[in-house]
Structures are given as structure tokens and as C-alpha cells.
1. What pairs come out if I take residues in the range 123-146 that are farther than 18 Å from P97 by Cα and free of Cβ contacts under 8 Å to residues at least 60 places away in the same chain and pair them with residues that are of a type in the set (A, V, I, L, M) and surrounded by fewer than 16 Cβ atoms within 10 Å (Cβ to Cβ) whose C-beta lies under 9 Å away, six or more apart or interchain?
2. Mind listing whichever residues of the range 53-89 are of a type in the set (S, T, Y), within 26 Å of Q37 (Cα to Cα) and touching a residue at least 24 places away in the same chain (Cβ under 8 Å)?
3. I'm checking my understanding of the structure. Among residues of the range 93-118 that are over 11 Å from the mean Cα position of the chain (by Cα) and in contact (Cβ under 8 Å) with a residue 60 or more places away in the chain, which one is surrounded by the fewest Cβ atoms within 10 Å (Cβ to Cβ)?
4. Return the residue satisfying two criteria in turn: it lies in the range 143-171 and is polar (S, T, N, Q) and at positive phi, and of such residues it is farthest from the chain's Cα centre (by Cα).
5. Before we move on, is Q37 farther than 22 Å from D20 by Cα and not charged (D, E, K, R)?
6. Quick one: which of L99, L66, L71 is among the hydrophobic types (A, V, I, L, M, F, W, C) and out of contact with any strand residue (DSSP E or B) (no Cβ under 6 Å at 6 or more places or on another chain)?
7. Is there a residue being within 18 Å of S70 (Cα to Cα), hydroxyl-bearing (S, T, Y) and modelled with pLDDT of 95 or more anywhere in the range 93-113?
8. Do you know which residues across the range 87-141 are at negative phi and basic (K, R)?
Amino acid sequence: MPISVEEYVAMPPAGDDSSDELIQGEIVLSPSAKPLQAKIVRRLLKLLEPLEDAGYELATDFGCILGEYSLPGPDLAAVSRRRWQDLPADEYLTGSPELVVEVFSPANRKGLIARKAALYLEYGAQSVWIVYPARRTLVAHDSGGEAEFRAGELVEFSGVATPIDRIFASL
């Protein structure tokens, strides 16, 4: 039987060195981020700062309610400033951020990443970026499908172009 968001938030925290999310009624455990994943998230946070001038707030480590059975926590997201400012401090964002970034790690299951991307899009994300450090690529998912970006290319969201080379430089 799937676990609802309401049941999930009422549970006590795991208390170990892992994080969890609720994805389509299933609690998914992940080990805490390793330094490479943390570096990529920090780097993308800096590269996406121009989105703040375009009316977005950038955020990490938060949850968003996607229907009755999902409460994922994106690695990084851009949320319209209006939505973010209207959000009470003690509540979760309802619906997907406009841009979601997830950094793939060996602990992730490929099928889970695909499910999460589809879920974010279903609940209103304009774009979902999955970063693959080992391949040094980024796959952008949107309503038109998906596209892979490699070194020498730019991925864009809301007029802000991000060079793939800069995501992975010196890593």
C-alpha cells in the first residue's frame, strides 16, 4: 500500500547518515551527498545565479509536494520568486519548481531518476536537468522530450545559458 505525504511527514526521521524522499508512495533512501555531488551543486548554484535577476529564487535541500504520494527533495531548483515568497516558512512547496536539477550518483537507480524527472514534469516543472558526473554530460527533460548536452555546448533555462564545460571544470 503506498504511503501518503501526510503519513510520511508524520514519521520520525531515520537518524542515520542517509536522506530519504517519498516517490509515488515509496520511501527511497539515499546516502548523503559525496563531495563531488556537493561541488557540482555548488557550482551550478553559482552558474544559475543570473536566474535571480530573471525573477527566480534558487534553493537546495527542500521538499516539494507532488500530489498525494510524492515529496521529493531536489538537489537544486529554481522557483519563481512570487511562489517562493508566498510560501509559508513551515510548509512545503506545492507543485514542482520551474527548474529542477538532480545530480546522478552511483547510489541512484537509473529508473528512479527517470521516474522523478517524469514526476517533476507532470507537476509543472518547465525543465528537469539530470547531471551525470562520470560521463560529464547533462540531460535536460522538458515537455518536448529530452536532450543531452556535452562539453562545448550550452544548456539554457529562462534566458540563462550554462556552459557544460564550466559545470565539470577541474573536477
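1. Listed by first residue and then by second, the contacts come to R136/A151; R136/L171; T137/A151.
2. Y56, S70, S80
3. Looking at residues that are over 11 Å from the mean Cα position of the chain (by Cα) and in contact (Cβ under 8 Å) with a residue 60 or more places away in the chain, I get A107.
4. By that ranking, first place goes to S170.
5. When the stated conditions are applied, Q37 does not pass them.
6. L66
7. Yes, the conditions are met somewhere in the range 93-113.
8. R109, K110, R115, K116, R135, listed by residue number.
The values are calculated or read from the model by the stated rules, or taken from the named source; none is laboratory data. Just so it is clear, the structure is predicted and the values come from calculations on it, not from any experiment. Cβ: placed from backbone, ideal geometry, glycine included. Neighbour counts: every protein chain shown.
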